[in-house]
Structures are given as structure tokens and as C-alpha cells.
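Take a look at the structure set out below.
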Amino acid sequence: MTAGARTILHVDMDAFYVSVELLRRPELRGRPVVVGGTGERGVVAAASYEARRYGISSAMASARARRLCPDAVFLAGDHAHYAQVSRQVHEVFAAVTPTVEPIALDEAFLDVTGARRRLGDGVTIGTQLRRSVRDATGLVCSVGVAASKFLAKLASEAAKPRATPGGIRPGAGVVEVPRGGELAFLHPKPVEVLWGVGPKTLERLQRLGITTVGDVAATSESALVASLGATAGRHLYALAQGIDDRPVVPDRAAKSIGHEQTFAVDLSAPEALDTELVRMVDAVAARLRAHERAGRTVTVKVRFASFETVTRSMTAAQAESAAPALLALARPLLAKIDIGCGVRLLGVAVSQLGERPARQLRFDELFATAPAAPDAGAVPMPSSVGSSVAWEDASSAIDAVRRRFGSAAIGPARLLADARMRAARPGDAPWGPDDEGTDRTPGRDGRSQ
């Protein structure tokens, strides 16, 4: 890597969720282990390399994974613990460079250009980083080194172990794409590695006889634009030439905040779905406020038993972070969807995010009537500015109670079940219900009442 070039690392933890579980259960080492939803409607979040030998992969239905490997050990995930370990990993990254762009709990880009004089070249830094992560957490990561984010990510994939029917091949740990060797590394790879090549784009490229990245590079930009459109055609042509000038952006702001749930049985009763909607909106609103964010667009997502998925969105005039305001947008969206055939999954997301707006309090609002009760499931969206201000105050009070006593200490009365608050939390059953038909929310049985 020449002195003037950027040096970017892509660091990806190896089988992160499974590896974290094996630290707690070392007796499972060497066995096929799967983390995710353990029930018939669950999905695989991560698989050990021993499990991957049987063809098990992330996002696969848990039922199929069981058929591929009946002897696999299935573990329900612990998202809160993974997030805690992830923070330790990212602390190691931050000790190397302040220019860290988190991508997920288990991966990040690091621009170490400014650290080369102090720490050495990219491969030296990557090697030391792997040791530091291992010393701090007991976990193993793979590192790609290149002058661009795109190539660094491909290099980290090349550095990983490989599971084959015949065994597990150890990975190199660190792989560098040297300056001047970008095209030799990139062009033999299948065209699917290019960011933006999904099933439809792949089909179009294959009709043109394009199967490798080198084929894309050998095709004129004008031909790609004619087939794929201006934006996609130019984007893929540039990537195929190894061109990717995007910087590593620290503290990348989230574009949306959402929550979704796969149910143990299909829900078709409007009352049951409305309760779930209240639960999710309450959770999303709390997360927005925790990040000092508010959003204008609310999206409701519904997946039916047939796996058909529909989404509906509505945008408000101003950004909101209070649950009643967001619920007033979400409820009409759900009402427009025919749920008669049963809902397998329900989700709510808020986008067009910005800082929580400061509301200007007028003199007459000092005497405005506060909302009757902090119950997002029973109180309609405040119609007056005074009520809106009161809801902001009420939301702040609710947040304070939850910080002190836990997320289940207070919430919409609609969510009380058997004298327990069925509050949604980040990471609750993200991979589907478990074997007993329950998710990981206390007091939840997954069935409509």
C-alpha cells in the first residue's frame, strides 16, 4: 500500500452470536450449534462452522436447518448480551483509530490511514487488532485491508474460515488487496459480489452474458446504463473498475428505528393486532427518545402466512417521538390492510429522523389540559399543541421511571397481562418464537386473546 493511498480495514467477527454463546458454554465447542429462533417459525441468526458444513446459513428457516442437521444444538439468542459484547469489541476498534464506522454488532469499517506512522502498515495493524480483540473478548475476527470500503469488505470475506462437507478450512485471518492488484483480485469474482446486484439485476446481467465482475468491467458503461438504468449502470461499472471513494463515516446516524415480531400463531383478531401495534409503537417511541431523535414517517409492515409482505406509510407535518402521536399515524395504516387471512409478522418503523424538536410554549399553553392518562392504547393523538407539549412531558417522566426501574415498570395499560407489563424491548425475539411457542418477552404466550 503506497504512502498516499487510504488504508481501510473491514473487521468482521467470525460466527459472532455462536462464538459469544460458546464462551458461556464451552462444552459445545466442536459441535454444530445454531443461534436464532428455535421454533417452527424461527430463523437462523448464526451457525457455527460445524453447522455450516451441513448447508445451514443465516436467515434460513430453523425448521429447514433442523432437517439438514438433526443433531445440531439450537440456542435461543440473547440480543442484549451480544450488544454488550459488541461494545467491548468496538472499544478495541476505537483504541486503534477514532475513524470507525459501525455496520452491525459484529462488523465495522476502520480508516487507519492516520495510524500507519504509529502502528505500521495495514496488515500489521489488522494482525494486531485481531490479537487485541481476542485478548479483550476471547473472540476471533477476520480483517480485510484495502484502499476502499468495497474491496476491504471483500477481503475480509476472503480471510474467513470455510466450511466444506469435508471439513473446516482455517482462514488467513488478514487479507490485503495490494495497491495495483485491485482488478486482479476483483475481476474473477462472481458478479453477485457487487453491491447492488440483487436477484432482478442478476437476471438482467445474465441475459447479457455477464457472470463475473470482469465481464462487467469489459462491458461499456453505456450498455450497462441502457440495460439497468443510469444510476445502477454507472454504479456497477465504477465498482467493477475498483472505484469506490466513499469515506469511512464515524457515528453514522440511523436512517430509521423500528421493531417487528413474528408470532407463534397467525393473528387475525383486530383487537389482538392492535395490542401488538401499541406494544411496538411504545417501544419504537422509547428508542427514538433514548437517541434524542424524532421521526416524520411511520411505516407499518405486515407479513401473512403465505409470506406475502405489504407495507403502508404515512408522513406527518412535524417529527414526533411521543407514542400517542406515532400510534395515531400507525393505526389507520394497519386498518387499511386486510388481515382476515391471518398475520404472521407485524412491524413498525419510523424514518425521516432528525433531532427531537424543541416546542415553543405559548402563554395560553400554560393552562392547557394535560392528557387523561399515559396510555397509548386508549388515548387518541393529542389534537392541541398544549396536549402535545403535555405528552412530551409525560413521555420524559415515563422514560425516567424506566431508567430507574426497568422497561416493564410502566407502559400503556393495554399491555398489562396477568398483572405484568408486556413491554417490547430491543432484541425481543428478533428471530421468531421459540419451541414452546413463546417469545422472550415476560408474560407473552404468542397467542391472540
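Overview of results
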quantity: Lys, Arg +1 and Asp, Glu -1 on Cβ, resulting dipole of the stretch 187-240 about Cα centre, debye, nearest 20; calculated: 80 debye
quantity: Approximate spin-label separation Leu23-Met60, in nm, with each point projected 7 Å along Cα-to-Cβ; calculated: 2.6 nm
quantity: Cβ-derived FRET efficiency at R0 30 Å, Leu183 paired with Arg116, nearest 0.05; calculated: 0.80
quantity: Residues Arg404 and Gln352, FRET efficiency given R0 of 35 Å [Cβ-Cβ distance, rounded to 0.05]; calculated: 0.65
quantity: Under-5 Å amide H pairs with Glu176, H placed in peptide plane, nonlocal only; calculated: Val145
quantity: Computed lengthening from Ile103 to Ser396, 0.36 nm per intervening residue step minus Cα-Cα distance; calculated: 102.5 nm
quantity: Computed magnitude of the charge dipole of the stretch 227-367 (debye, nearest 20; Cβ of K, R +1, Cβ of D, E -1); calculated: 280 debye
quantity: All lysines inside 30 Å of Lys189 as judged from Cα atoms, apart from same-chain residues fewer than 8 positions distant; calculated: Lys149, Lys153, Lys160, Lys200
quantity: Stretchable slack from Ala94 to Ala232, in nm (0.36 nm times residue separation minus alpha-carbon distance); calculated: 46.3 nm
quantity: Cα centre as origin, Lys/Arg/Asp/Glu Cβ charges: the stretch 1-177 dipole, Debye; calculated: 300 debye
quantity: Gained length - Ala5 relative to Gln241, 0.36 nm times residue gap less alpha-carbon distance; calculated: 83.3 nm
quantity: Square roots of five times the Cα gyration tensor eigenvalues for the stretch 187-240, Å; calculated: 14, 12, 10
quantity: Burial order of peptide ranges 141-152, 106-117 (average beta-carbon count within 10 Å, highest first); calculated: 141-152, 106-117
quantity: Whole-Hz couplings from phi, Karplus 6.51/-1.76/1.60, listed for the stretch 234-240; x for Gly and Pro; calculated: 5, 4, 5, 4, 5, 4, 5
quantity: Pairwise FRET efficiency - Met314 versus Glu203, Cβ, R0 = 35 Å, nearest 0.05; calculated: 0.60
quantity: Largest to smallest principal axis extent of the C-alpha atoms in the stretch 1-177, angstrom; calculated: 53, 33, 26
quantity: Projected label distance in nm at Glu271 and Thr164, using a 7 Å step from Cα toward the beta-carbon; calculated: 6.0 nm
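Every number here is computed from the coordinates shown, using simple stated rules; none is lab data. Keep in mind the model is a prediction, meaning the values are calculated, not measured. Backbone-built Cβ (ideal geometry, glycine too); neighbour counts: all protein chains shown.
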